[in-house]
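The values are calculated or read from the model by the stated rules, or taken from the named source; none is laboratory data. Since the model is a prediction, treat every value here as computed from it, not as a measurement. Neighbour counts are summed over all protein chains in view; Cβ atoms, including those assigned to glycine, are modelled from backbone coordinates with ideal geometry. The area values use the complete protein model at the heavy-atom level, side chains included, leaving out ligands, DNA and RNA. Shrake-Rupley method; radii C 1.70, N 1.55, O 1.52, S 1.80 Å.
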Amino acid sequence: MKRKAEFLGVVPILALLSAFCWLFQSMPVSGSAGPLIRIRSEAVVLEFPSDTTVTHDVVSALLTVVRDDIRFAEDFLEHTLKKPVTVSWVGSASGTAPMFAKPGQVILNAAPPLTVKEAEGYKGRLAHEFTHLVAYECVKGTPPASVHEGVAVIVANRAVSASDHRVAAGLLASGRLPSLKQLLAMRYGNLGFDAIMMYYGNASCFGFIEGTHGHSVLLRLFKEVPDCSVLTDERVQEKLISLIEECTLTSLDRLEKEWHDFLRAVEVSQRYINSLLLREELDIDLYSLFWLSDRTGRKIDGEFLTEYTDLIDSIARYGAGEDSGVTEDDLRHRIEALREWATEMRSRIRGI
């Protein structure tokens, strides 16, 4: 789970994007609300599609993960959530965001987990989203994506004891790590390689700042960021850089040099670096596919999404040295086939 948290956390729920039809043993629930079954426990609410029944052990595991991740995020960010937390599985992979947070709620465009192991696999992933719930309560306006996704990745990593820096070190060694100014200016764009750079590059940078300047500095950066909803992109960038330089008493250029020197000391194998380059080759614009599907009403092939997530997992296992029977050429052939499949599917969805 650690390796997936380090390498695949950018798309934390994509492994559940395919449509699954799972049969659950029945259990009593506290009540239902509309199309959802609602299970309450203290300040936590779990919601499942009404056509599912849920085993006691899976619900218990989910409640433990949710409570643990809430406490972890609250303790790390030094803020206690004022509202109860609801986690909702809506039962399908429709929509452009497989997992997202809004005030007091995390919504997953996926079927609920079937086993305790699958339930426990949400650990850290939910801590990431709960970081955004904290932001809704204690941060004014709309924060830059670079800061809040970077810090959310840090919280998720710490929840499962994963490294903040391995991906960034691999990106630097491969020549794919953008400059610090570019990283700070990155916005939401897609679920692919740009997102890996934005999420993990910024997580490493802010983790480095915390390690060298203290946790209180990280919290100040998290909570005092400029408001993207009222400022131009250029002004947000200026104010964010000024805030970082004020908090660290270091120029951005100097900070970047120190951070890169630190990353060069992080051990990453050539095989791992190659896996990142393979991941870059796999960069399929899923956002546009989901958008086209929503706009036209034509579905994305479930088999395509399964192959996409399986391929990401295979690349990660290859980079970790876990799959000795798979070669880089094998993975590259699968990438080429999937890209051709995506092109054909785009044409079909457009009706061409």
Looking only at the range 232-241, decide whether some residue is surrounded by 18 or more Cβ atoms within 10 Å (Cβ to Cβ), within 22 Å of the chain's Cα centre (by Cα) and at pLDDT 95 or above. no
Does the range 97-127 hold any residues that are open to solvent by 50 Å² or more (accessible area, probe 1.4 Å) and outside any helix (DSSP H, G or I), and which are they? F100, K102, P103, L114, T115, K123
State which residue is modelled with the lowest pLDDT when the search covers only the range 259-289 and only residues that are closer than 30 Å to E245 by Cα and among the acidic types (D, E). E267
For A110, state whether it is small (G, A, S) and touching a Lys or Arg at 6+ places or on another chain (Cβ under 8 Å). no
Given the residues D294, D330, which is the only one that is open to solvent by 60 Å² or more (accessible area, probe 1.4 Å), among the charged types (D, E, K, R) and modelled with pLDDT under 90? D294
Given the conditions (1) surrounded by 17 or more Cβ atoms within 10 Å (Cβ to Cβ); (2) among the aromatic types (F, W, Y); (3) closer than 26 Å to L177 by Cα, which single one is not true for F304? (3)
Can you confirm whether the range 83-93 contains a residue that is in contact with a helix residue (DSSP H, G or I) (Cβ under 7 Å, 6 or more places away or on another chain) and either surrounded by fewer than 21 Cβ atoms within 10 Å (Cβ to Cβ) or among the polar types (S, T, N, Q) (or both)? no
Taking the stated definitions as given, is E258 assigned to a helix (DSSP H, G or I), acidic (D, E) and more than 30 Å from C205 (Cβ to Cβ)? no
Matching residues, the range 66-82, being open to solvent by 10 Å² or more (accessible area, probe 1.4 Å) and either under 12 Å from A119 (Cα atoms) or charged (D, E, K, R) (or both): R67, D68, R71, E74, D75, E78, K82
All-but-one check, E256 against (1) in contact (Cβ under 8 Å) with a residue 24 or more places away in the chain; (2) among the acidic types (D, E); (3) open to solvent by 70 Å² or more (accessible area, probe 1.4 Å), failing number (3)
